[in-house]
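What follows draws every value from the coordinates through simple rules; no lab data is involved. Just so it is clear, the structure is predicted and the values come from calculations on it, not from any experiment. Heads up, the Cβs are rebuilt from the backbone with ideal geometry, glycines too, and the neighbour counts pull from every protein chain shown.
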Amino acid sequence: MCQFFCIFLEMDTLVKISPEPVKKVDTLYSEEVKTLIEKNIALGKKEKLLNAILTHLPELNEIEHNVFRVRFMDILTNLRHRVLLYSIVFHYGRFIVTVGSLFVPALLSIQSQENTLSINIYWFTWIVSLLVTMSNGVLTLFKVEKKYYYLHTVLEQLLSEAWQYVGLTGRYSGELCKPEKPTHKNQFVFFTHAIERIKMKQVEEEYYKPLDHGSHTTKKEKDKDGKDVEKPGDGMGVKTPSNSGMKGTIQNIKAKDPHLYDDIQEESGINETYFNSKE
């Protein structure tokens, strides 16, 4: 009896000192977070959770939270809609082309003595053939297959960057801000830069790649034999300086400022005799 009473006291003590049960995930969020999650109804469950985490990181200020709300989540939502659209078109289009291409030869091989059945088979074959042709044309014209794979890749890149930032791992583990300890505050600029780089790369791949001011194009000139030879330019219609012009510039620097000339020669190894071997 005494042993039973001791066991009962030990169990009662364990019950009293045991931690409180973990609350449900929904109760951990405020009403503001719940409202924000419901607005992103088009996103998946994991992306809703990511949205709530990014927009309520305690280390960031309101402006930085708004960057996540206005910019990052807008990019993610728009990309998710496009991925869903291209997924539907891609899978249905490929299904129609594949199955329809098998049905058409099989239907054409059917021979029937009844005129009504032959007419029905004829029109059904015509419709299937038309669907196959249209689906194949749409897939080819809009490059659905290429965009399907590319948009999925970009979406996963954005999600990977976001989760790395939340976990302060990968490129956000402190490699870019040594010797400081990595925090969401000091890694914020690197995260936004990475997101914008991914977005601009997507724009360049899908639409148009703008030329930088420092990009080099090629222009054709005539050599001694009269053949066209490509020489680099700066893409702005400015002629590339000739060796004689550069030689004259170096000579002027030597005459006006010998100290600057000595610094140029020491750092780059270029002097007034350098261009004689290039001519």
Tail weight of P(r) past 11 Å, computed on alpha-carbon pairs of segment 98-141, percent: 64 percent
A correct Kirkwood calculation over the Cα atoms of segment 133-184 returns a hydrodynamic radius in Å of 13.6 Å
Mind running the shape call on segment 64-134? Use the C-alpha gyration tensor, a ≥ b ≥ c as the square roots of the eigenvalues: rounded below 1.5 for a/c, prolate if a/b tops b/c, oblate otherwise. prolate
Among Phe124, Val99, Gly174 - extreme Cα towards positive end, dipole of segment 33-206, charges at beta-carbon: Gly174
How big is segment 33-206 by Rg and Dmax over its Cα atoms, in Å? 24.4, 87
Alpha-carbon centroids, segment 115-135 and segment 41-100: separation in whole Å: 40 Å
